[in-house]
Ligand code: SF4
């Protein structure tokens, strides 16, 4: 099987067999724009087929699999936004991993990057459990939501420019739908930092004229309908970054503690320890 049929019993599957499928970038724009709520939007995201190269890749990977996961069924579909429907903290990555999200059906789940990320989110009070292994595992985000700027796993982790543009309406509509409570946008890596900028603008955020450079701990002041919103940069917890020590657990915790504080969630490593 190359992908899980919508509504066939996969845990947390937002779609049903009746969910309309976008087959072109124009249809992405139309279906994102006409989605009335997050449930409808994430369902439509999760069945999208607008980028032929990415559809072929994600489904090939799901069919061939990696030896370690040979006995598993791969999701093989786009990875929809996931987490709190009224988040204070929004976490943005670039794209799911071929054997991570594309296998497990949940953003940042099933690879080493996700292991680092969820451990930090748990230490800082933003995730219920220290691990995220699979859709339906009981994990929950607490006042936070995660989205990928590009929703399908790309070859070599590199989406093409036209694929980023095709996926942008899904991201922009999701940012718009959750904007009212969001106070912090955390970007994991420089690509996410770049990719979220036009989506924030399209979603109605007020941004500085030019995008400041990305860095770990970088902060930018934005606003949404007059309410302040902080954008935070965070090095991506990729294997390369964690192996080389470019990003460490305390560095991740510092960013998410800051995010929780700005978001009014009061999470911190210290408070977790005290509890
Ligand atoms: S990358 Fe986005 S627009 Fe392209 S097929 Fe996947 S979900 Fe659709």
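The values are calculated or read from the model by the stated rules, or taken from the named source; none is laboratory data. From a predicted model like this one, the values you see are computed outputs, not experimental measurements. Cβ: placed from backbone, ideal geometry, glycine included. Neighbour counts: every protein chain shown.
Among the residues of segment 123-156, those identified as touching a residue at least 40 places away in the same chain (Cβ under 8 Å), part of a loop (DSSP other than H, G, I, E, B) and more than 21 Å from residue 10 (Cα to Cα) are 124, 125, 126, 142, 143, 149, 150, 154. Set side by side, the residues 144, 128, 135 differ, and just one is surrounded by fewer than 19 Cβ atoms within 10 Å (Cβ to Cβ) and more than 21 Å from residue 23 (Cβ to Cβ), which is 128. What about residue 188, is it within 16 Å of the ligand (Cβ to nearest atom) and farther than 19 Å from residue 51 by Cα? Judged against the criteria, residue 188 is not a match.
In segment 157-171, the residue that is nearest to the ligand (Cβ to nearest atom) out of those that are assigned to a helix (DSSP H, G or I) and more than 16 Å from residue 93 (Cβ to Cβ) is 166. Answer yes if at least one residue in segment 32-44 is buried (at least 16 other Cβ atoms within 10 Å of the Cβ), outside any helix (DSSP H, G or I) and touching a residue at least 12 places away in the same chain (Cβ under 8 Å), and no otherwise. Among the residues of segment 32-44, at least one is buried (at least 16 other Cβ atoms within 10 Å of the Cβ), outside any helix (DSSP H, G or I) and touching a residue at least 12 places away in the same chain (Cβ under 8 Å), which makes the answer yes.
Quick check on residue 63: is it touching a residue at least 40 places away in the same chain (Cβ under 8 Å), over 30 Å from residue 232 (Cα atoms), more than 15 Å from the ligand (Cβ to nearest atom) and part of a helix (DSSP H, G or I)? Don't jump to the end; show me each part of the working.
Details: touching a residue at least 40 places away in the same chain (Cβ under 8 Å): yes; over 30 Å from residue 232 (Cα atoms): yes; more than 15 Å from the ligand (Cβ to nearest atom): yes; part of a helix (DSSP H, G or I): yes.
The answer is yes for residue 63.
In a helix (DSSP H, G or I), out of contact with any helix residue (DSSP H, G or I) (no Cβ under 6 Å at 6 or more places or on another chain) and touching a residue at least 40 places away in the same chain (Cβ under 8 Å), is that true of residue 113? Against the criterion (in a helix (DSSP H, G or I), out of contact with any helix residue (DSSP H, G or I) (no Cβ under 6 Å at 6 or more places or on another chain) and touching a residue at least 40 places away in the same chain (Cβ under 8 Å)), residue 113 qualifies.
In the condition set (1) crowded, with 19+ Cβ neighbours inside 10 Å; (2) over 16 Å from residue 172 (Cα atoms); (3) within 14 Å of the ligand (Cβ to nearest atom); (4) without any contact (Cβ under 8 Å) to a residue 60 or more places away in the chain, residue 77 is compliant with all but (4).
Report yes if some residue within segment 6-15 is in contact (Cβ under 8 Å) with a residue 40 or more places away in the chain, part of a helix (DSSP H, G or I) and within 15 Å of the ligand (Cβ to nearest atom); otherwise report no. Taking every residue of segment 6-15 in turn, none turns out to be in contact (Cβ under 8 Å) with a residue 40 or more places away in the chain, part of a helix (DSSP H, G or I) and within 15 Å of the ligand (Cβ to nearest atom).
Here is a yes/no grid of residues against (1) modelled with pLDDT under 95; (2) farther than 22 Å from residue 249 by Cα:
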| residue | (1), (2) |
| --- | --- |
| 62 | no, yes |
| 84 | no, yes |
| 118 | no, no |
| 130 | no, no |
| 136 | yes, yes |
| 141 | no, no |
| 147 | no, no |
| 157 | yes, yes |
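Among the residues making up segment 175-189, those that are in contact (Cβ under 8 Å) with a residue 40 or more places away in the chain and not in a loop (DSSP other than H, G, I, E, B) are 175, 177, 178, 184, 185, 186, 187, 188. One residue stands out among those in segment 198-240 that are part of a helix (DSSP H, G or I) and either buried (at least 19 other Cβ atoms within 10 Å of the Cβ) or in contact with a helix residue (DSSP H, G or I) (Cβ under 9 Å, 6 or more places away or on another chain) (or both): the one that is modelled with the lowest pLDDT, which is 239. Looking at the structure I just gave you, is residue 120 more than 15 Å from the ligand (Cβ to nearest atom), touching a helix residue (DSSP H, G or I) at 6+ places or on another chain (Cβ under 9 Å), in a helix (DSSP H, G or I) and over 23 Å from residue 228 (Cα atoms)? The answer is yes for residue 120. Among the residues of segment 194-209, is any under 19 Å from the mean Cα position of the chain (by Cα) and at positive phi? Among the residues of segment 194-209, not one is under 19 Å from the mean Cα position of the chain (by Cα) and at positive phi, which makes the answer no.
Could you say whether any residue in segment 250-273 is surrounded by 19 or more Cβ atoms within 10 Å (Cβ to Cβ), outside any helix (DSSP H, G or I), in contact with a helix residue (DSSP H, G or I) (Cβ under 8 Å, 6 or more places away or on another chain) and modelled with pLDDT of 95 or more? No - not one qualifying residue is present in segment 250-273. So which residues in segment 17-52 are within 16 Å of residue 85 (Cα to Cα) and more than 13 Å from the ligand (Cβ to nearest atom)? Scanning segment 17-52 gives 35, 36, 37, 38, 39, 40.
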